[in-house]
1. Using alpha-carbon positions, what is the distance between the centroids of the range 214-273 and the range 133-197, in Å?
2. Can you pull the Rg over Rh of the range 3-95, Cα-only, Kirkwood?
3. Starting at the first residue of the range 54-69, write each ³J(HN,Hα) from the Karplus equation 6.51 cos²θ - 1.76 cosθ + 1.60 with θ = phi - 60°, in whole Hz, x for Gly and Pro.
4. What fraction of the Cα pairs in the range 54-157, stated in percent, has a spacing above 25 angstrom?
5. For the chain, modelled as a GNM with alpha-carbon contacts under 10 angstrom, which of R50, R14, R159 fluctuates the most?
6. What would the Debye equation give as log₁₀ I(q)/I(0) for the chain at q = 0.07, 0.08, 0.11, 0.15 Å⁻¹, counting only Cα atoms as equal point scatterers?
7. Excluding residues fewer than 8 places away in the same chain, name every one of the lysines whose C-alpha is closer than 22 Å to that of K286.
8. Using the number of other C-beta atoms within 10 angstrom as an exposure proxy, rank W341, W323 with the fewest first.
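What follows draws every value from the coordinates through simple rules; no lab data is involved. Source: prediction; values computed, not measured. Backbone-built Cβ (ideal geometry, glycine too); neighbour counts: all protein chains shown.
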Amino acid sequence: MTGIDDLPVRDELRGKSPYGAPQLDVPVRLNTNENPYPLPEPLVERIAERVREAARDLNRYPDRDAVELRTRLAEYLTDTSGHPVGLANVWAANGSNEVIQQLLQTFGGPGRTAIGFEPSYSMHALIARGTGTGWISGPRNDDFTIDLAAAEKAIAEHRPDVVFITTPNNPTGNAVPRETVLALYEAAQAAKPSMVIVDEAYVEFSHGDSLLPLLEGRPHLVVSRTMSKAFGAAGLRLGYLAADPAVVDAVQLVRLPYHLSAVAQATALAALEHTGTLLKYVEQLKAERDRLVAELLAIGYEVTASDANFVQFGRFDDAHAVWQKILDRGVLVRDNGVPGWLRVTAGTPEENDAFLDAVREVKKEQS
Ligand code: PMP
């Protein structure tokens, strides 16, 4: 049988594994930071309506520039951040993963490098690899905050073309203070200047505010967002960015023509009509997240402060063994490979209860 290594694949892909959170069929799945609430029925109806309209035009290519969608996304960002964002500042693609890929195709690539402060979202490094961008793993403190002095030193030393800052960070859950982001932006400008990508996939769940206002006067800053989490639409694949209009112009150089299907654009527009309802679910999930933190602490686990829809908990001598024990009780959480720690996504109250029962039992077994 032919294997990958028998094919003339690029050297940097040899021996590597694809991104793969297990998709197991268990009663309680709290492993991929999805929103546990299905879209409300009136929204499902509205999606059907808008998709039916779009279907009548499917013989034509979609709006290549997704003007209506970007306008509505800009309004959402303006309304929720108080910072004026317009059509020219916004770009959208199939998930923020594609947004990040387009950014690395534009600002990274062969002979260039990107830095991220790890542990962080593993796809940043994988997309770097896929786009031929060199990857630099920057440091964090033991409590998973960014070690600013060490990060500034790494930027000055490596002079990366792209700097990733994930806030709230995945898988650790903690937000990065605004001053740290500002300091890293300054360091990146002094070193190169380079593009700074603030990945705000989880910002709607944060106790604090979005960093969108920092875009003012900072043309090398990009804020990346997604409808996968707060909008409960992971299956839609809709991510977007806000930045200086020049950045939006630049990513046009690499985007595939008509990359965002008419069906996706219609669906996203329907979801944006229901923003108010969807953000109410976010409030419930924030309360559940805070409950998970409190209960995990009460059980005797350590927890990393969370501004996201998930919680990192530990510490374990053998995190993977504990992951398996929780799975044996019908609950799937995530082992991100952070030694000593696991991550649980906030689910419905019932799912969270099932998770808490499972970890209570595991704790008892261990003590
Ligand atoms: N950024 C971060 C930090 C994430 O955790 C994720 C999803 N897990 C993404 C980006 C990608 O999300 P999507 O492609 O679904 O928009």
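1. That distance is 23 Å.
2. Details: Rg = 20.2 Å, Rh = 18.4 Å.
Computed over Cα atoms, the ratio is 1.10.
3. So the J values, rounded to whole Hz, are 5, 4, 5, 10, 5, 6, 9, 5, x, 4, 4, 9, 6, 5, 5, 4.
4. 45
5. R14
6. One equal scatterer on each Cα of the chain leads to -0.31, -0.41, -0.80, -1.41.
7. Output for K286: K229.
8. Working: W341 24, W323 21.
Fewest to most other Cβ atoms nearby, the residues stand as W323, W341.
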